[in-house]
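K.L.:
Quick one: the structure is below, questions incoming.
Read-outs throughout are calculated quantities, based only on the coordinates presented, and are distinct from any laboratory measurement. Small disclaimer: the values here were computed from a predicted structure and weren't measured. We place every Cβ from the backbone using ideal geometry, glycine too, and count neighbours over all the protein chains shown.
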Amino acid sequence: MKQICLLSSVVTLFLLAQAPAAFSAPALADSACLGAAGIQEALVAGQALRLADISHKLRGDIVKADLCHRDGKLAYRVTILTSEGTVRRVTVDARSGELVYGDH
């Protein structure tokens, strides 16, 4: 089982390194993304849903996620690995859980 997890991690890292920038979501500056304390504040204040509560709407395994400011709102910037092995970037409104950018 450990070998499968390790292989999956290696494949994921390889795919992410190969993913062309043209297929990524609109850029959100890293400085606009929240750190752990900011994320906790946003969750407690009701400004964002937990990523776990939104993840069922996304098709695939979440590889990476950031909570960032976008157009005056908070949004999750999520990298997903689909069951077909495709890497996708989507943006999800953090308060409503609705997809802002990317395909369903």
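K.L.:
With a Förster radius of 22 Å, plug the Cβ-Cβ distance of T86 and A52 into 1/(1 + (r/R0)^6) and report the FRET value to the nearest 0.05.
P.N.:
Once rounded, the FRET efficiency stands at 0.45.
K.L.:
Taking the Cα centre of region 42-99 as the origin, how large is its charge dipole in debye, to the nearest 20, when only Lys and Arg (+1) and Asp and Glu (-1) carry charge on their Cβ atoms?
P.N.:
It comes to approximately 80 debye.
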